[in-house]
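Remarks on the structure that follows.
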Amino acid sequence: MKILVVDDSIVFRSAITQALQTIPELNVFKSVVNGKLALDMLKLHPDVDLITLDMEMPIMDGLETIKEIRKFNKDITIIVFSSLTVKGAEKTIEALGAGADDFVAKTIGTGQLEESLEKIKEDLLPKIMAFKNRKLKRSKITERISSGDGVETIGILGPSKTKTEMPIKPKLIVIGLSTGGPDALAQVFRTIVEKVSVPMLIVQHMPPIFTEKLAAMLSKLSPVEVREAKHGDVLTAGVCFVAPGDYHMTITKTGEIHLDQTEKVCFVRPSVDVLLNSIVQNYDKQVLNIIMTGMGEDGAIGSKKLSLKGSYTYIQSKESCIVWGMPGAVCKTIGDLARSIPLEEIGPLINTVSRRL
């Protein structure tokens with residue numbers, strides 16, 4: 001796997017390069033200090049598989065670099081480094097919308113190479129190895145059409161082909177996802193055409209601050225009101241609550257949302273399994289459970305428990321996932337009880353089941 005490292009910090013360039021060189025299959029062939037040099041390098045070497053990209057650089061920053069790369073290269077994997085600040089989170093959400101595949105939080109420590117090296121090995125290497133195993137080319141799932149007045153809009157791809165598999169209306173919709181999730185969620189919410197008539201809950205593996213910005217971004221894409229959940233919120237029809245970074249989200253028998261910082265589950269907090277387990281214990285109505293793109297196995301155990309109670313579980317199809325880890329784990333755990341659905345059909349499915357009486 002051929003990798004280009006782009007960062008204006010010599011400490012981070014060195015740390016990233018050294019961390020990646022510990023894996024024989026990874027070849028860091030070059031590192032550069034800004035986006036302009038990265039563009040020049042990618043045009044000379046179109047066989048580069050992956051780029052790690054700092055968001056804040058002189059001459060050409062990360063966001064502008066992503067936009068320029070996607071004009072001539074749709075397939076290269078882009079992982080951005082982002083600071084854990086409000087500004088950093090905003091830029092990262094925008095970067096994911098512009099074509100970045102994933103991000104890693106850039107922890108500012110003592111500046112020592114050894115400290116940076118260990119953090120990169122912990123956070124970046126698993127993501128790169130997940131993308132290394134992805135054989136599919138990036139594809140545009142949504143299609144653009146021109147409306148009658150000539151304004152370009154996101155095309156709604158029609159009713160879900162799988163709509164007949166869930167003949168009754170759910171009382172709650174739950175979505176769990178990780179790597180590749182923000183862009184996938186954006187595509188789903190763009191195809192939700194009216195306010196959903198049931199409550200929705202989302203667990204997206206993200207750090208604090210980032211989940212608030214994700215909710216704000218999604219809220220602009222459809223009639224659904226999307227909020228970062230707060231302790232004590234109550235499930236409300238037409239409102240979608242996003243679990244905040246570093247907090248597990250659960251629901252009580254009265255439909256109240258609780259947040260806590262108990263132990264991580266599946267190495268993450270928030271965890272999809274934690275939410276699904278609370279739904280199994282405290283919610284007796286019909287649930288539509290959707291597990292989408294992401295690394296790891298979070299959501300598999302909870303999905304099994306939900307399915308055994310008669311709820312419907314859909315998994316994003318392997319072909320449309322950035323990483324099929326989470327959906328794949330659900331498929332392995334519950335077999336035929338997991339209904340596979342392409343990304344472009346998830347929004348229309350939500351439209352369809354929400355309209356049922």
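In this structure, is Ile23 among the hydrophobic types (A, V, I, L, M, F, W, C), touching a residue at least 60 places away in the same chain (Cβ under 8 Å) and assigned to a loop (DSSP other than H, G, I, E, B)? Let's see the steps before the verdict.
Values: among the hydrophobic types (A, V, I, L, M, F, W, C): yes; touching a residue at least 60 places away in the same chain (Cβ under 8 Å): yes; assigned to a loop (DSSP other than H, G, I, E, B): yes.
Yes; evaluated as a whole, the condition is true for this residue.
If you go through the range 105-142 and keep only what is modelled with pLDDT under 70 and under 19 Å from the mean Cα position of the chain (by Cα), you end up with Arg134, Lys135, Leu136, Lys137, Arg138, Ser139, Lys140, Ile141, Thr142. Among the residues here, Glu344 qualifies as touching a helix residue (DSSP H, G or I) at 6+ places or on another chain (Cβ under 8 Å), closer than 30 Å to Lys74 by Cβ and of a type in the set (Asp, Glu).
Residues Lys169, Lys163: which one is touching a helix residue (DSSP H, G or I) at 6+ places or on another chain (Cβ under 7 Å), at pLDDT 85 or above and in the same structural domain as Thr293 (by TED's automatic domain parsing)? Don't jump to the end; show me each part of the working.
Working: Lys163 fails: at pLDDT 85 or above.
Going through Lys169, Lys163 in turn, the sole match is Lys169.
Looking at this structure, is Ile192 crowded, with 16+ Cβ neighbours inside 10 Å, modelled with pLDDT of 70 or more and either in a strand (DSSP E or B) or touching an Asp or Glu at 6+ places or on another chain (Cβ under 8 Å) (or both)? No: the conditions fail for Ile192. Scanning the range 202-253 for residues that are over 25 Å from Lys106 (Cβ atoms), out of contact with any strand residue (DSSP E or B) (no Cβ under 8 Å at 6 or more places or on another chain) and surrounded by fewer than 16 Cβ atoms within 10 Å (Cβ to Cβ) gives Lys220, Pro223, Thr236, Ala237, Lys253. Checking each residue of the range 313-320 against the condition of being touching a residue at least 12 places away in the same chain (Cβ under 8 Å), over 25 Å from Ala130 (Cβ atoms), touching a Pro at 6+ places or on another chain (Cβ under 8 Å) and buried (at least 22 other Cβ atoms within 10 Å of the Cβ) gives no match.
The single residue among Glu56, Glu68 that is modelled with pLDDT under 95 and under 26 Å from the mean Cα position of the chain (by Cα) turns out to be Glu56. Restricting the range 319-357 to residues that are basic (Lys, Arg) and part of a helix (DSSP H, G or I), the residue that is nearest to Ile290 (Cα to Cα) is Lys332.
The values are calculated or read from the model by the stated rules, or taken from the named source; none is laboratory data. Not measured: the values here are computed from a predicted model. Don't worry about glycine lacking a Cβ; one is built from the backbone with ideal geometry, like all the others, and counts go over all protein chains shown.
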